[in-house]
Amino acid sequence: MKLANYALGKWITGDGEGKPLYNAVTGNVLGYATTKGLDFAEMMHYSRTVGNPKLRKMTFQERGLMLKKLALYLLERKNKYYEISYATGATRADSWVDIEGGIGNLFANASLRRQYPDQPYYVDGDMIKSSKNGTFIGHHIMVPKRGVAIHINAFNFPIWGMLEKVAVNLLAGMPAIVKPATITCFLTEAIFRDIIASGILPEGALQLLCGSARGIVDHVMHQDVITFTGSADTGLMLKSNPNVLRKNVPFNLEADSLNSCVLGEDAVPGTVEFDLFIKEIRKEMTSKCGQKCTAIRKIVVPEKLVEDVQIALGKQLQKTVIGDPKLKEVRMGALAGKVQVEEVRERIMELSKNSDIVFGSLDAVDLVGADSAKGAFMSPILLLNKNPFYDEAVHSVEAFGPVSSIVPYKGIDEAIELVNKSGGALCCSIVTADQKIAREFTLGAATHHGRILILNEECAKENTGHGSPLPMLIHGGPGRAGGGEEMGGKRGVAHYMQRTAIQGSPTILTEVTQQYQYGGKYKDTVLHPFQKHFEDLEIGETIITHKRTITETDIVNFGNVSWDHFYAHTDETALIGTTFEKRVAHGYFILSAAAGLFVHPAKGPVLLNYGLDECRFVKPVYAGMTIGVRLTVKEKTSQEVKDDIPKGIVRFLVDVYDQTGETVAIATILTMVKMRG
Ligand code: NAP
């Protein structure tokens with residue numbers, strides 16, 4: 001059976017016989033994959049002209065809700081994917097990361113919509129004042145690119161690998177062509193069929209290639225984005241493609257990585273941390289058969305504890321039941337294929353030139369319910385390299401399987417040097433309860449790592465583990481790890497958007513950004529904004545309140561009510577050497593007094609006030625000064641309609657000014673406002 005590709009809005013079977021795909025456990029042929037006959041340039045044109053306009057015109061809220069709907073749809077069908085996933089050699093626990101971890105990325109990015117406005121684009125950072133009188137300002141906007149994201153993925157996570165990326169480009173408003181590694185693409189294809197069948201995504205949002213994508217990067221254009229996960233060699237070849245270089249197409253590279261885990265010198269046998277360390281290493285060596293980009297390849301151990309670690313780890317690895325991943329007792333399944341087993345063996349041979357194998361065998365593996373002649377099985381292999389400062393291989397050869405090397409160190413500086421010798425890695429961990437060691441190590445290793453986990457008893461129960469990249473934290477590492485950055489919440493979304501500096505008057509920039517810019521022209525309103533429904537409020541709409549003179553009594557009373565008796569509000573004799581000339585009114589009082597001026601007391605569409613975004617007290621207010629408020633609609637975000645009242649969030653700019661017209665305090669308040677409908 002030939003797997004189909006999803007191209008130009010339909011399922012298309014490629015020409016020719018195709019590449020055979022094998023069940024990693026039984027060795028049986030599962031099907032064939034071919035993309036022959038597909039026109040990549042046409043597919044990319046289709047994404048750019050059909051999928052892109054639909055997605056980029058949707059708002060962040062709409063795109064986020066679309067992801068949530070898709071996540072719920074796929075979650076209902078997850079058991080189907082678990083069944084197919086066994087054929088990749090994965091146990092149920094391995095598949096959980098791939099399937100539910102992948103769907104989790106959709107949920108996490110769906111929730112991320114709350115950090116964006118109700119627009120297809122967003123405003124990045126703060127306004128830049130570019131003129132003396134404030135009539136000319138600068139800002140930055142982020143708009144969805146008008147191209148297509150090309151995702152070229154590795155074989156180890158057929159579902160997570162796709163979903164962690166498409167969740168982000170879809171939230172950003174860009175379509176994608178997904179190219180999973182051929183060997184495990186049958187699992188990607190299974191979930192992709194459901195994605196399409198759901199009808200949740202607009203036409204042209206996603207296309208799928210099951211088979212080779214050689215030549216695809218020859219057709220990219222400058223509005224496209226390429227993300228690549230795989231080996232450094234393939235990554236380099238694609239990244240240095242002349243068309244990619246000429247058109248300056250962003251290329252996010254996630255390559256192989258020699259990740260480390262350090263045992264702190266304090267974490268001696270008998271401590272909770274020592275046991276945590278052993279557990280973490282065993283888990284990272286055996287889960288997904290060590291075929292994880294984040295797996296621990298270097299076990300960095302204080303010299304005097306090497307033997308203890310070797311014994312403790314040996315005991316744990318001995319207990320690992322290997323075999324048919326469908327069996328409950330099996331903890332480690334098969335590698336993705338026989339080719340992978342051969343590659344891993346070759347790498348171990350390279351490593352063992354200067355290291356000893358202290359656990360496991362290349363010749364034999366005890367299996368439960370499986371046949372080593374048919375399936376892609378191997379034993380976990382633990383190596384010991386006694387001279388890591390004199391061997392390059394342990395810092396550069398990645399055996400992408402259940403393989404790890406112990407390397408000894410003396411003192412924290414050596415530990416840092418050893419982890420940094422990987423030349424840039426995705427992540428590393430240190431297991432220590434010593435705060436000083438944790439700090440010194442983290443600051444020394446951060447330059448060479450994308451993520452650092454500091455593990456000890458305090459976070460033992462809830463930590464997410466060395467090997468788990470999280471949707472809201474960046475995943476990627478410098479140097480050898482590719483220099484890429486993906487996921488990471490808003491940071492990841494930015495990769496699919498163009499950041500543009502915009503300049504003009506505050507009034508014009510208010511219109512462009514749909515966010516009131518300080519100094520912009522006000523729009524007068526007869527009706528108080530608190531009396532208007534969400535739909536009827538306009539950005540820039542302003543009321544100027546009546547005024548109030550602040551008195552000594554106000555300051556004394558507020559001190560008594562709040563119990564805030566800070567000397568600057570109470571002690572006239574303590575002001576020498578401060579910036580105050582007289583007893584100053586409490587900043588919180590000025591804000592409260594402002595609320596007294598701008599709040600419309602009658603019941604209306606405003607349901608509640610739920611906080612402040614920014615607040616600054618910019619000029620002291622003394623007794624005798626008079627304040628008033630300019631209350632302006634700054635930004636609006638509609639909310640998902642649930643069973644309750646339809647509503648949205650309105651941010652108001654509260655500009656409190658004195659009798660000279662100068663601002664004394666400025667804040668953004670958040671209110672929840674009812675919709676008419
Ligand atoms: P690979 O051989 O480099 O392949 C990666 C992807 O590139 C596959 O989808 C492959 O497709 C595709 N590809 C190869 N040549 C291509 C070309 N000329 N044009 C377009 N696409 C092309 O790597 P792999 O063996 O699948 O994965 C294992 C490696 O990935 C390991 O070294 C591991 O460390 C690394 N990895 C890194 C991360 C990370 O996040 N940093 C994550 C997972 C894995 P075909 O399958 O069709 O050849």
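Over the chain, the Kirkwood radius and the radius of gyration, each from Cα atoms, give a ratio Rg/Rh of 1.05. Ordering THR507, THR663 by accessible surface, largest first, gives THR507, THR663; the 1.4 Å probe counts only protein heavy atoms, with every chain in place.
For the chain, the share of accessible area belonging to carbon and sulfur comes to 53 percent (1.4 Å probe, ligands and nucleic acids excluded). In whole angstrom, the range 259-469 maps to an equivalent ellipsoid with semi-axes of 27, 19, 15, each derived as √(5λ) from the alpha carbon gyration tensor and ordered largest first.
Highest mean packing comes first when the peptides 95-107, 526-538 are listed by Cβ atoms within 10 Å, giving 95-107, 526-538. Taken per residue, the accessible surface of the range 522-674 reaches 51 Å², heavy atoms only and a 1.4 Å probe.
When only Cα pairs below 8 angstrom with a gap of at least 6 residues are kept, the range 77-221 shows a relative contact order of 21 percent. Using C-alpha pairs under 8 Å with a sequence gap of at least 6, the mean separation divided by the residue count of the range 259-469 gives a relative contact order of 29 percent. Our summary gives the chain a relative contact order of 13 percent, counting only alpha carbon pairs under 8 angstrom and 6 or more residues apart. Under the convention that each Lys and Arg Cβ holds +1 and each Asp and Glu Cβ holds -1, the size of the dipole of the range 259-469 around its Cα centre is about 620 debye. Just how many % of Cα pairs in the range 149-282 lie over 26 Å apart, if you round to the nearest whole percent? Roughly 37 percent, rounded to a whole number. Partner lysines whose Cα lies under 21 Å from the Cα of LYS165, excluding those fewer than 8 positions away in the same chain, are identified as LYS54, LYS57, LYS68, LYS69, LYS78, LYS145, LYS179, LYS239, LYS288, LYS292, LYS490. Ordering of 253-260, 304-311, 634-641 by packing is 253-260, 634-641, 304-311, highest average first (other Cβ atoms within 10 Å, averaged per residue). Accessible-area rank, largest first, for TRP563, TRP11: TRP563, TRP11, with all protein chains present and a 1.4 angstrom probe. Which of THR545, VAL629, SER592 sits closest to the plus end of the dipole of the range 522-674, meaning its Cα is farthest towards the positive end, when Lys and Arg get +1 and Asp and Glu get -1 on the C-beta? It is THR545, whose Cα lies furthest towards the positive end. Calculated accessible area for the range 259-469 comes out at 43 Å² per residue, all protein chains present (probe 1.4 Å; ligands, DNA, RNA ignored). Per-residue surface analysis assigns ILE357 an accessible area of about 70 Å², computed on protein heavy atoms at 1.4 Å probe radius. The order of the peptides 445-451, 211-217, 548-554 by mean Cβ neighbours within 10 Å, most packed first, is 445-451, 211-217, 548-554. Our note on the geometry: Cα centres of the range 310-389 and the range 187-218, 34 Å apart. Each Lys and Arg contributes +1 and each Asp and Glu -1, all at the Cβ; summed about the Cα centre of the chain, the dipole is approximately 1940 debye.
Placing unit charges on each Cβ (+1 for Lys and Arg, -1 for Asp and Glu) gives the chain a dipole about its Cα centre, and among GLY467, ILE177, VAL309 the Cα reaching farthest toward its positive end belongs to ILE177. Which one of ALA481, ASN241, ALA376 is farthest out on the positive end of the charge dipole of the chain, using unit charges on Cβ (Lys, Arg +1; Asp, Glu -1) and the Cα centre as origin? Among ALA481, ASN241, ALA376, the one farthest towards the positive end of the dipole of the chain is ASN241.
Rounded to the nearest 20, the size of the Cβ-charge dipole of the range 1-78 about its Cα centre is 440 debye, with Lys and Arg at +1 and Asp and Glu at -1.
In the range 569-665, one over the average inverse separation of all distinct C-alpha pairs is 15.8 Å, which is the Kirkwood hydrodynamic radius. With K and R counted +1 and D and E -1, the other residues having a Cβ less than 14 Å from that of GLY520 yield a net charge of -1.
Cross-link pairs exceeding 18 Å between alpha carbons, from the set LYS582/LYS619; LYS279/LYS421; LYS132/LYS582; LYS547/LYS636: LYS279/LYS421; LYS132/LYS582; LYS547/LYS636.
For ASN259, the residues 5 or more places off, or on other chains, whose built amide H falls under 5 Å of its own are ARG297, LYS298.
The antiparallel fraction among DSSP beta bridges confined to the chain stands at about 60%.
The values are calculated or read from the model by the stated rules, or taken from the named source; none is laboratory data. Keep in mind that this is a model prediction, so the values were computed, not measured. No Cβ is skipped: glycine too gets one built from the backbone with ideal geometry, and neighbour counts run over all protein chains shown. Each accessible area value is taken on the protein alone, full model and side chains, heavy atoms only, with ligands, DNA and RNA left out. Shrake-Rupley method; radii C 1.70, N 1.55, O 1.52, S 1.80 Å.
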